[in-house]
Amino acid sequence: MTPLKKALFIDRDGTILVEPSDEQIDSLDKFAFVPGAISGLKALTGLGFELVLVSNQDGLGTPFFPTETFWPCQTLMLNTLKGEGIVFDNVLIDKTFPHENAPTRKPGTGMLTAYLDGSYDLASSFVIGDRESDVRLAANLGAKALQVGPMTWAEIAEAVRSSDRLVTLTRKTRETDITLTLDLDGKGPSGISTGLHFFDHMLEQIPHHGGVSLALECKGDLEVDEHHTMEDTGIVLGQAIDAALGSKRGIERYGFALPMDECKALVLIDFGGRADFVWKVDFTREYVGDTPTEMFSHFFKSLCTAARCNLRIEAEGENNHHLAESVFKAFARALRQAVRRNVFDGSLPSSKGTL
């Protein structure tokens with residue numbers, strides 16, 4: 001199945017260019033970019049969104065110009081942005097006259113019929129503008145609205161870039177039924193239920209110390225044993241991390257060690273796209289609470305393989321509860337450090353240029 005496309009429908013005057021008091025950018029002395037617009041737009045390139053310029057105004061202050069030749073301010077804007085690597089996939093200007101109540105005038109969707117054919121994931125698309133008409137356009141499209149003014153361009157860029165770091169996965173087999181939602185930026189609710197109380201307590205360290213949101217429910221065949229529940233939870237969590245990282249542009253990639261009471265734990269992680277796992281933790285008890293200690297290594301190995309990461313875990317200590325908890329806390333901190341992202345850094349953390 002061909003994946004649905006996504007788009008950013010971006011207004012011009014008042015959003016990219018400062019709109020003067022007479023609402024007409026009809027001379028070069030009125031030409032100025034909204035603060036942060038260029039860097040914000042730059043941060044939105046390479047994310048898999050089509051960039052679509054959508055404006056109700058021709059840009060010269062006169063009611064109707066049928067050709068782009070008469071839009072020197074828009075041409076200057078597009079050429080300036082192109083020089084920064086920002087290229088619009090489509091430029092749509094309402095050319096109807098009179099404008100009022102025309103179906104092509106925002107918030108009407110008449111200019112955007114090509115995006116309503118079912119090939120676009122409009123629920124994951126955005127309208128970025130400065131006016132209430134842009135907000136209503138988003139509602140009419142079924143897209144999300146981001147408004148310049150209440151939000152800065154830096155906040156808009158972060159909102160768009162963060163939208164792909166939220167993942168919901170389900171996995172149902174004869175042994176387990178798992179639903180998991182992960183937000184790497186920690187903006188959603190967390191709650192964990194696997195039927196294994198100590199395992200839940202360990203998994204809760206991930207959102208608490210990892211700065212992420214994790215909602216997880218697993219119904220497993222615990223009447224058989226704990227293996228399938230812990231293994232499959234690791235698989236789905238690893239898959240969610242890998243999916244939420246997306247292109248991995250701008251992430252730290254690496255990270256972490258910490259002490260806990262008499263224990264110390266070292267967790268080294270690398271989201272480099274290759275799975276390798278090392279485990280050096282010796283438990284002296286078969287169970288902690290209702291959870292078998294031998295399954296902790298299998299949980300992390302399953303996670304490592306599914307997340308396509310390099311994961312090395314070492315820990316030592318006397319109290320087995322502390323030992324397990326130090327491992328999960330250190331993993332959470334390693335995760336937090338490695339997935340941290342600079343929203344304005346579109347580079348890949350790799351000398352190869354690919355991950």
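Values quoted throughout were computed directly from the atomic coordinates according to the rules given, and no laboratory measurement underlies them. From a predicted model like this one, the values you see are computed outputs, not experimental measurements. So basically every Cβ, Gly included, is an ideal-geometry build from the backbone, and we count neighbours across all protein chains shown.
Determine the calculated [θ] at 222 nm for the chain from helices alone, applying -39500 (n - 2.57) to every DSSP H run no shorter than 4 residues and normalising by the residue count; nearest 500 deg cm²/dmol. Dividing the helical sum by the residues of the chain leaves -9000 deg cm²/dmol. Backbone geometry of the stretch 36-52 corresponds, through the Karplus equation with coefficients 6.51, -1.76 and 1.60 at θ = phi - 60°, to 3J(HN,Hα) couplings of x, 5, 5, 5, x, 5, 4, 5, 8, 7, x, 9, x, 9, 6, 9, 10 Hz, x marking Gly and Pro. Calculate, for His298 and Met151, the FRET efficiency according to 1/(1 + (r/R0)^6) with r their C-beta to C-beta distance and R0 51 Å; round to the nearest 0.05. E(calc), rounded to 0.05, equals 0.70.
In this label model, Asp221 and Phe33 are separated by 5.9 nm, measuring between points 7 Å along each Cα→Cβ vector. At full extension, Ala102 and Leu76 could sit 6.6 nm farther apart than now, given 0.36 nm per residue minus the alpha carbon distance.
Scattering from the stretch 166-339 was approximated by placing one identical point on each alpha carbon and applying the Debye formula without solvent; log10 I(q)/I(0) at 0.11, 0.20 1/Å stands at -0.40, -1.46. Amide H contacts for Trp279 (H built 1.01 Å from N in the peptide plane; partners 5 or more residues away or on another chain; cut-off under 5 Å): Ile313.
Among 282-295, 201-214, sorting by the average number of other beta carbon atoms lying within 10 angstrom of each residue, highest first, gives 201-214, 282-295.
Out of [x] 81, 39, 33; [y] 57, 56, 42; [z] 61, 46, 41, which label holds the value of Cα extents along the principal axes in Å that was computed here? Correct label, based on the coordinates given: [x]. Within the shell of other residues whose beta carbon sits under 10 angstrom from the beta carbon of Arg161, the net charge comes to 0, with Lys and Arg scored +1 and Asp and Glu -1. Spatial offset of the stretch 147-180 relative to the stretch 72-90 amounts to 30 Å, using the alpha carbon center of each. In this structure the amide hydrogen of Asp130, modeled in the peptide plane, comes within under 5 Å of the amide hydrogens of Val148, none closer than 5 places in sequence on its chain.
Between Glu84 and Asp261, the modelled label-to-label distance comes to 5.3 nm, taking each label 7 Å out from Cα in the direction of the beta carbon.
How would the stretch 114-217 be classified by its alpha-carbon gyration tensor: rounded, prolate or oblate, with rounded meaning a/c under 1.5 and the a/b versus b/c comparison settling the rest?
Oblate is the answer for the stretch 114-217, as a/c is 1.5 or above yet b/c matches or exceeds a/b.
Once both labels are positioned 7 Å from their Cα atoms along Cα-to-Cβ, the gap between Arg136 and Tyr254 label points is 5.4 nm.
Neighbours of Cys309, meaning other residues whose beta-carbon lies under 12 angstrom from its beta-carbon, give a summed charge of +3 when Lys and Arg score +1 and Asp and Glu score -1. So which of Lys6/Lys329; Lys219/Lys264; Lys219/Lys301; Lys30/Lys248; Lys6/Lys219 end up more than 30 Å apart, counting from Cα to Cα? Exceeds cut-off: Lys6/Lys329; Lys219/Lys264; Lys30/Lys248; Lys6/Lys219.
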